[in-house]
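The values are calculated or read from the model by the stated rules, or taken from the named source; none is laboratory data. These numbers come from a predicted model, not from an experiment. When we count neighbours, we look across all protein chains shown, and the Cβ atoms used for this are built from the backbone with ideal geometry, even at glycine. The area values use the complete protein model at the heavy-atom level, side chains included, leaving out ligands, DNA and RNA. Shrake-Rupley method; radii C 1.70, N 1.55, O 1.52, S 1.80 Å.
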Amino acid sequence: MSYLILYGEEYEEIKKILSELKEETGARVALIVEKNGQPIAFSGEMDGVDTTSLGSLVAGNVAATEGLARLLGEQGFALMFNEGQNENLHINLIERKFILAVLFDKRTSLGLVRLRAKNASVKLEKVFTKLEAKMEKEHRKMGEKESPFEDISEDDIEKLFK
Amino acid sequence: MALLNPRLRELISKIVYYGPGLGGKTTNLKYIFDHTSPTTRGELITLNTEGDRTLYFDVLPLNLGTIKGYKIRFQLYTVPGQVFYSESRKIILRGVDGVVFVADSQAERLDANIESIEDLQENLREYDYSFADLPYVLQLNKRDLPNVVSADEMKKLLILKGEPVVESIAIRGVGVMETLKQAAKLVLIKLKKEMR
Ligand SMILES: Nc1nc2c(ncn2[C@@H]2O[C@H](COP(=O)(O)OP(=O)(O)OP(=O)(O)O)[C@@H](O)[C@H]2O)c(=O)[nH]1
Ligand SMILES: [Mg+2]
């Protein structure tokens with residue numbers, strides 16, 4: 001598969017699950033990245049921190065940890081936790097294809113984040129399963145009226161670089 | 001793997017700069033970072049050794065503009081070129097939509113270029129990605145140096161499938177945007193074909 005379509009309906013569901021997770025735990029940010037580093041969705045705000053970069057680094061971190069697991073003859077590590085002086089980062093895998101990361105500080109606890117992240121992951125897994133089925137069914141077409149690519153020309157692409 | 005989000009009206013694809021150590025991959029990204037407005041790009045993240053060699057990867061999110069109301073975004077990655085970081089290169093290549101191969105034009109780096117192209121193909125094979133179908137651009141970098149192999153000679157040795165070739169001097173930015181443009185073009189054209 002060379003691309004993934006994040007249909008509007010499922011995208012909204014994912015956002016809702018993330019925002020609930022954030023609310024329930026009092027976390028600062030909850031975000032989903034695809035394992036290759038593509039940002040899917042996030043909830044929450046961080047002053048001066050680029051969530052796209054955060055996503056790339058989280059994905060890189062997970063990939064390196066998985067390499068480590070392979071080297072050690074492990075299947076993988078389902079869960080990762082980084083503890084900082086102010087910020088903590090809880091990371092877990094969904095379906096082995098997506099990564100859920102929750103950034104939180106002292107106002108909440110690891111136990112609570114872990115519990116809620118687990119629940120959210122179950123819900124998210126269902127949404128991603130639905131999304132994949134939809135892509136199959138729609139023959140990976142846009143599902144919405146116009147595709148941005150139906151009639152793009154070399155000219156349109158040239159213009160991006162003006 | 002490109003990501004299309006109709007709700008946000010955006011398309012995000014991943015382009016990886018590949019090539020031998022010290023060839024100028026990171027220099028390409030730094031130039032792009034320095035010469036695009038802060039509103040169109042995110043942070044340039046570099047994971048380096050003390051000596052400024054790429055240890056794991058660099059990544060730069062870039063917003064090129066819109067086509068038909070869709071924001072066209074790219075995530076530009078570099079791999080670490082040094083031979084022993086093979087595992088990291090493989091990781092970064094996962095889900096790639098297009099590759100820029102940054103070749104070092106200096107005569108003494110000719111073998112390193114060839115080795116790195118072989119390494120790229122080997123890694124693509126491991127993911128079952130077809131090189132034939134991959135949007136791919138060859139950049140001949142460091143054209144400013146005195147000991148370079150002629151462009152014709154390099155093309156003869158390194159061109160693999162009629163890919164676009166751009167001669168560059170990445171430290172001065174010569175050819176850097178042109179390379180990115182060629183790669184972006186191939187990625188978008190491929191997606192266009194696939195999405196019909
Ligand atoms: N003369 C000259 N030097 C260049 C050019 N492009 C890059 N360099 C220099 O080559 C050195 C290596 O460049 P990098 O961009 O760090 O190389 P890299 O491919 O990222 O190397 P790794 O991270 O080890 O894989 C730096 O000192 C650059 O300034 C060029 O076009 N001409
Ligand atoms: Mg580098």
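Brief remarks on what is shown
- Counts of other chain beta carbons within 10 angstrom of each beta carbon in peptide A:19-27 average 0.
- Surface/4 estimate of mean projected area, convex hull on alpha-carbon atoms of the stretch A:8-160, nm²: 11.9 nm²
- Legend: mean number of C-beta atoms from other chains within 10 angstrom of residue C-beta atoms, peptide B:50-56, equals 1.
- When the Cα atoms of the protein assembly as shown are aligned to their principal axes, the ranges along those axes come out at 63, 48, 39 Å in descending order.
- Binning the C-alpha pair distances of the stretch A:58-126 at 10 Å intervals from 0 yields a P(r) profile of 19, 49, 29, 3 %, listed from the shortest bin outward.
- P(r) weight above 16 Å for the stretch B:18-102, C-alpha pairs, percent: 53 percent
- Cα convex hull volume per residue for the stretch B:74-126 (Å³): 82 Å³
- For residue A:4, nonlocal amide neighbours, meaning residues 5 or more places apart or on other chains whose placed amide H falls under 5 Å from its own, are B:2, B:3, B:4.
- The residue among B:191, B:154, B:96 whose Cα reaches farthest toward the positive pole of the charge dipole of chain B, with charges on the beta-carbon of Lys, Arg, Asp and Glu, is B:191.
- Cα coordinate range in the stretch B:1-49, projected on the principal axes (Å, largest first): 41, 25, 17
- Summarising the amide proton neighbourhood of residue B:71: residues at separation of 5 or more, or on other chains, whose placed amide H is nearer than 5 Å comprise B:10, B:11.
- For residue A:116, solvent-accessible area (1.4 Å; no DNA, RNA or ligand), Å²: 80 Å²
- Close amide-amide hydrogen proximity is noted between residue B:48 and B:55, each under 5 Å apart and 5 or more residues distant or on a separate chain (H modeled in the peptide plane; Pro and chain starts excluded).
- Placing dummy labels 7 Å off each Cα toward the beta-carbon, the span from residue A:95 to residue B:55 is 3.4 nm.
- Size of the stretch A:36-87 from its Cα atoms: along the principal axes, largest to smallest, the extents are 40, 28, 14 Å.
- The stretch B:1-155 gives an Rg/Rh value of 0.98, both radii derived from C-alpha positions and Rh following Kirkwood.
- The mean number of partner chain beta-carbon atoms within 10 angstrom of a residue's beta-carbon across peptide A:36-47 is 4.
- Here the stretch A:1-50 has an Rg and Dmax of 12.0, 36 Å, counting Cα atoms alone.
- In a reduced charge model with +1 at each Lys and Arg Cβ and -1 at each Asp and Glu Cβ, the stretch B:95-196 shows a dipole moment near 640 debye about its Cα centre.
- Estimated vicinal HN-Hα couplings, Hz - the stretch B:49-59 in sequence order (Karplus 6.51, -1.76, 1.60; Gly, Pro = x): 7, 4, x, 6, 8, 5, 9, 10, 6, 10, 9
- Under the convention that each Lys and Arg Cβ holds +1 and each Asp and Glu Cβ holds -1, the size of the dipole of chain B around its Cα centre is about 1140 debye.
- What the phi angles of the stretch B:140-145 give under the Karplus curve with 6.51, -1.76 and 1.60, with θ = phi - 60°, is a coupling list of 9, 9, 6, 5, 7, 7 Hz, glycine and proline written as x.
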